[in-house]
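> Would you mind keeping the following structure in view while I ask a few things?
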Amino acid sequence: MSNEFNFSIKDYQSDFKPTWCPGCGNFAQWRAIRQALVELEIPPEEVVLVSGIGCSSHMPNFLNVYGLQTVHGRGIPVATGIRLANPELTVLVYGGDGDIYGIGGNHFLHSCRRNVDIITIVSNNFVYGLTTGQASATTPIGTVTRTTPRGSIENPINPIAVAIASGATFVARGFSGDMTQLTNIIKAAIDHRGFAFVDVFSPCITFNKKQTFAYFRDKVMKVEDFGHDKEDFHSAMDLANRRILRNKLPTGIFYQIENTTTYEERDFALNQGIIPAKTDLELSDEQINAITEEFY
Amino acid sequence: MKEDIVVRFVGSAGDGLVSLGLLFGKILKKHNMNVLGFRSYQSVIRGGYNSYQIRFSDKEVLSVGEDADIIVLLNKHVAELHNPLVNSGARVIYDNDNIDLEELEYPEDIIKLSLPSVSIAKEITNIKVIKNSVVFGAISFLLGLDIKLIKEVIVEQYGIKGEEVIKINYEALDKGISFAKEKMWTPIWVKGKYEKARQMIIGGNEALALGMLSAGLKFYSGYPMTPATSIVHFLTKYLPKLGMIVKQTEDELAAVGMAIGAAYCGVRSATSTSGGGFALMTELIGMAGIEEIPLVVINSQRAGPSTGMATKTEQSDLFQVYGASQGEFPKVIIAPKSIDEAFLTGIKALEIAEKYQVVVIVLMDLYLSEQIATVKKLDFKRTNKRYAILEKAPKDYLRYRITETGVTPRTLPGTKEGMFFTGSSERREEGTSIASTLAGLPSTLPIRENMMKKRMRKMDVLLKELPKPEVYGSKDADITIISWGSTSNIVKEAITILNNNGIKANQLHLMYINPFHSEEVLKILKKAKETLCVEQNFSGQMRDYIRMKTGFNIKNSLLRYDGEPIVPSQIVNKVKEVVQNE
């Protein structure tokens, strides 16, 4: 990290103006991510933001960091490769519910158990926005969408519970209507050692007339307001599964454990302090002898 | 005197055929023989019918051979199954305590050599595998091998297990030899002195892996799939020493995704799979193409379609890899024919990928991936040379600036003021997308056109750097045989046989498949009196590919798609038929 930090929130913004619908929940996250980076004093060149496909996945276009948009659902593996290649980087994945929980669901599960130190932020709007409003993995049962005109007949995924059950070491939920809390959650996620996951209630003002800003404002409740123990697995699961506070939608850090090793700390090269992106290509005589000996 | 010897061990999965084959290969290597070995097997962990065939000679060995000089039957079950494959004149070594060749109705025109290896081994120890050393002893008598050299190999292989193990192996060897002597077996290969030389004996996948390591491979991700998995096994074995990342992933999409992520950071990266996994990777391969991220993908082909025959060889993915992913982007395809070429390919693939910021697909096939052969010492490159990477961001840096060669030097994450956006959508020179709000506007039409041209231009520049195809063999041949991948060396062997039979044949082997030297290939084909394309698939993919690239119609095809490698006699017979029909 540089000794003198003199970047402002504007410095993390590209010349490309966001193309989201005016009033979209993604704007709050665009700001919160930049705000968190400034407050944590992480210079733009040390940040990589990786996305998939969907409205939210346009995000890296609008940021002045190293930005990489992948294909649908593949942000997590590409980000994992980046982080393992160069653990000095702060690597964020940003995508929607369709991207991360739907088509990319397998990677989501495995990144939770793998505990590579990347941050995954999901803009969850309960619908496919970019393809004009189809049901997604989080669409509540009974919801009428363009692909479910008689109401959705599938149960939605519970991303918080799935993440905790799959071994994630940082699991949180934010709301695009609460910038201060969202920024703090993202800061905590970046600071967390290991895989950090943040689900964000982010209303789609065009295709979702049910999960609106007003709907969430009425229902959200901060976990710290009722003394939740984020280090307790069972309390976190109860909260995630709505065994408590049934009529509310809790936000904040559901679960965080810090006394466990990250993938980087277990990896046989990285735990020697090797940074693959900064390693000489050439093998030493000793290495060549070691890998060819069995063939003589 | 025979020029070469073929030995075939026949057993079941679980009989330790792979280590047996490798040990025998090492013994022969010690005698300075050229060796080629290949295992034929099925997708089971225990049981089934397996054979490990090894061919050796003091001359070049180009295929695993056909008729066996020595067949070793390791159990009764496989002895029964192997009956139809026994050729006349073969010396069949079997344990007469549990195998009765009369009862199994083995042919009369073979030489039956009974060897009660289990009971001989029991005189020494209770360790069952020691019977194999008894067999080695008997074989070494038949082949006139040097017992001292065999013992050297045993020390090298088992020394770590302690003196007792060495001692009983020695004893078993000696007993095997004495038994053969007593029963007056007739040696079939008597060599005088063996010159010692430092050769390697190595498999196709391992040679490819060594090539990549030699070129600075530092990141490898993969999902297990036969016959590509042994690359990951090999790299993982030496992991702490290599200081690199090897990652087994949740699926092939993650495997290729992680390799792309690492390559984006400037790390030389690769992933491997077979046809099925490759199909899953294709969308991200296209992304690496448009984002101009260097990527090496190895597809070791096996018999398809779908799960097909998982342990059998084929060359049927040419069109899959050529057409992989939607749209058009530069895509390099390299198909090595041999262990040496696999090593070279490992180096070239990583270098080309980085230099041109392109996807390089290495097309192996099961027969090459899984064969072992002796090679001269592999030449590890000693260079740290990097291509098209900027240490500092220049003023007015544009990641995708249009250039003459199509290649734009790139910054890596971490480089100050070098930040850029890249995405899977079409873009402007700075990297941002034109797809969401600008595509179709008159001002963006040339942007799209120029970006396409920039990317595709890299193939033209690369082609100039690639070696031109050469014809092997006589210039005024009666027939030119075209081949690719592992079949090429088998064709080369057939050409020698044909020449000895008075038929002049030459060969065009195609290692660099895309970009393609169309003009040079067309010139060669036009000169040919007759043409034959030999490949391991149903539809003649290389023949069709050549027609597409050159307009030339290769008249004859020899196709094999039953899962076993083509053998020289098939090629010889086909050529005779073609030449005689003229």
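The values are calculated or read from the model by the stated rules, or taken from the named source; none is laboratory data. Quantities reported herein were computed from a predicted structural model and do not represent experimental measurements. Ideal geometry is used to build each Cβ from the backbone, glycine not excepted, and the neighbour counts take in all protein chains shown.
> Out of all the residues in segment B:428-454, which are in a helix (DSSP H, G or I) and either buried (at least 16 other Cβ atoms within 10 Å of the Cβ) or aromatic (Phe, Trp, Tyr) (or both)?
B:Thr444, B:Ile447, B:Arg448, B:Met451, B:Lys454
> Would you check which residues across segment B:340-375 are in contact with a Ser or Thr (Cβ under 9 Å, 6 or more places away or on another chain) and part of a loop (DSSP other than H, G, I, E, B) and list them?
B:Gln357, B:Gln371
> Among the residues of segment B:487-508 satisfying the criterion of being part of a helix (DSSP H, G or I) and among the polar types (S, T, N, Q), which is farthest from B:Glu341 (Cα to Cα)?
Across segment B:487-508, the extreme among qualifying residues is B:Asn500.
> Considering only residues that are assigned to a helix (DSSP H, G or I) and facing another protein chain (nearest Cβ under 8 Å), look in segment A:50-61 and name the one that is surrounded by the most Cβ atoms within 10 Å (Cβ to Cβ).
Among them, the one singled out is A:Pro60.
> Would it be correct to say that A:Glu264 is touching a helix residue (DSSP H, G or I) at 6+ places or on another chain (Cβ under 6 Å), charged (D, E, K, R) and on the phi < 0 side of the Ramachandran plot?
yes
> Next up: Mind listing whichever residues of segment A:269-296 are part of a helix (DSSP H, G or I), over 30 Å from B:Thr374 (Cα atoms) and facing chain B (nearest Cβ under 8 Å)?
Listed by number, the residues that qualify are A:Leu270, A:Gln272, A:Pro276, A:Ala277.
Yes/no per residue for (1) of a type in the set (Asp, Glu); (2) touching a helix residue (DSSP H, G or I) at 6+ places or on another chain (Cβ under 6 Å); (3) within 23 Å of B:Leu145 (Cβ to Cβ):
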| position | (1), (2), (3) |
| --- | --- |
| B:Phe56 | no, yes, yes |
| B:Glu60 | yes, no, yes |
| B:Ser63 | no, yes, yes |
| B:Ile70 | no, no, yes |
| B:Lys76 | no, no, no |
| B:His82 | no, no, no |
| B:Pro107 | no, no, no |
| B:Lys122 | no, no, no |
| B:Asn126 | no, no, no |
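> Sticking with this structure for a sec: So which residues in segment A:234-268 are in a helix (DSSP H, G or I) and surrounded by 13 or more Cβ atoms within 10 Å (Cβ to Cβ)?
A:Ser235, A:Ala236, A:Met237, A:Asp238, A:Leu239, A:Ala240, A:Tyr263, A:Glu264, A:Glu265
> Sticking with this structure for a sec: Which residue is surrounded by the fewest Cβ atoms within 10 Å (Cβ to Cβ), if the candidates are limited to segment A:62-119 and must be facing chain B (nearest Cβ under 7 Å) and more than 18 Å from B:Cys265 (Cβ to Cβ)?
Among those that are facing chain B (nearest Cβ under 7 Å) and more than 18 Å from B:Cys265 (Cβ to Cβ), it is A:Asn106.
> If you check A:Val200, A:Val162, which single one turns out to be over 24 Å from A:Phe27 (Cα atoms), outside any loop (DSSP other than H, G, I, E, B) and within 19 Å of the chain's Cα centre (by Cα)?
A:Val162
> Can you tell me which residues in segment B:410-424 are facing chain A (nearest Cβ under 8 Å) and buried (at least 17 other Cβ atoms within 10 Å of the Cβ)?
Selection gives B:Leu412, B:Pro413, B:Gly414, B:Thr415, B:Gly418, B:Met419, B:Phe420, B:Phe421, B:Thr422, B:Gly423, B:Ser424.
> Select, from B:Val246, B:Val267, the only residue that is within 11 Å of another protein chain (Cβ to nearest Cβ), buried (at least 24 other Cβ atoms within 10 Å of the Cβ) and either β-branched (Val, Ile, Thr) or assigned to a helix (DSSP H, G or I) (or both).
B:Val267
> While we're on this one: Tell me which residues, restricted to segment B:209-219, are within 16 Å of the chain's Cα centre (by Cα) and over 20 Å from B:Asn34 (Cβ atoms).
B:Ala209, B:Gly211, B:Met212
> Now a separate question. Could you list, in sequence order, the residues of segment A:220-238 that are under 23 Å from A:Thr260 (Cα atoms), free of Cβ contacts under 8 Å to residues at least 24 places away in the same chain and hydrophobic (A, V, I, L, M, F, W, C)?
none
> Moving to a separate point now. Give, as residue ranges, the helices (runs of 4 or more DSSP H) completely inside segment B:509-582 that count at least 3 residues that are touching a Ser or Thr at 6+ places or on another chain (Cβ under 8 Å) and in contact (Cβ under 8 Å) with a residue 24 or more places away in the chain.
In segment B:509-582, the matching helices (runs of 4 or more DSSP H) lie at B:518-527, B:541-550.
> Let me ask something else about it. State all residues of segment B:223-243 that are part of a helix (DSSP H, G or I) and either surrounded by 21 or more Cβ atoms within 10 Å (Cβ to Cβ) or of a type outside the set (Val, Ile, Thr) (or both); if no residue qualifies, say none.
B:Ser230, B:Ile231, B:Val232, B:His233, B:Phe234, B:Leu235, B:Lys237, B:Leu239, B:Pro240, B:Lys241, B:Leu242
> Right, here's the next one. For segment B:270-293, what are the residues that are within 11 Å of chain A (Cβ to nearest Cβ) and of a type in the set (Gly, Ala, Ser)?
The answer is B:Gly286, B:Ala288.
> Could you please let me know if B:Glu520 is at pLDDT 95 or above, in contact with a Pro (Cβ under 6 Å, 6 or more places away or on another chain) and over 27 Å from B:Ala68 (Cα atoms)?
Criteria met by B:Glu520.
> Something else: Could you grab me the full set of residues in segment B:175-229 that are within 11 Å of another protein chain (Cβ to nearest Cβ) and of a type in the set (Lys, Arg)?
If the condition is that a residue be within 11 Å of another protein chain (Cβ to nearest Cβ) and of a type in the set (Lys, Arg), then B:Arg198, B:Lys218 are the ones that fit.
> Taking the stated definitions as given, is A:Ser202 surrounded by 14 or more Cβ atoms within 10 Å (Cβ to Cβ), modelled with pLDDT of 95 or more and over 26 Å from A:His107 (Cβ atoms)?
No: the conditions fail for A:Ser202.
> Are any of the residues in segment A:19-35 charged (D, E, K, R), away from chain B (no Cβ under 12 Å), over 14 Å from the mean Cα position of the chain (by Cα) and assigned to a loop (DSSP other than H, G, I, E, B)?
Checked against the condition, which is being charged (D, E, K, R), away from chain B (no Cβ under 12 Å), over 14 Å from the mean Cα position of the chain (by Cα) and assigned to a loop (DSSP other than H, G, I, E, B), segment A:19-35 yields no hits at all.
> Kindly establish whether A:Arg217 is within 16 Å of A:Lys230 (Cα to Cα), touching a residue at least 12 places away in the same chain (Cβ under 8 Å) and either surrounded by 18 or more Cβ atoms within 10 Å (Cβ to Cβ) or of a type outside the set (Phe, Trp, Tyr) (or both).
no
> Of the residues A:Ser123, A:Ser136, A:Ser111, only one is over 21 Å from B:Ile285 (Cα atoms) and part of a loop (DSSP other than H, G, I, E, B); which?
A:Ser136
> Return the only residue of B:Val92, B:Val72 being buried (at least 19 other Cβ atoms within 10 Å of the Cβ), touching a residue at least 24 places away in the same chain (Cβ under 8 Å), more than 25 Å from the chain's Cα centre (by Cα) and not in a loop (DSSP other than H, G, I, E, B).
Testing whether each residue is buried (at least 19 other Cβ atoms within 10 Å of the Cβ), touching a residue at least 24 places away in the same chain (Cβ under 8 Å), more than 25 Å from the chain's Cα centre (by Cα) and not in a loop (DSSP other than H, G, I, E, B) leaves just B:Val72.
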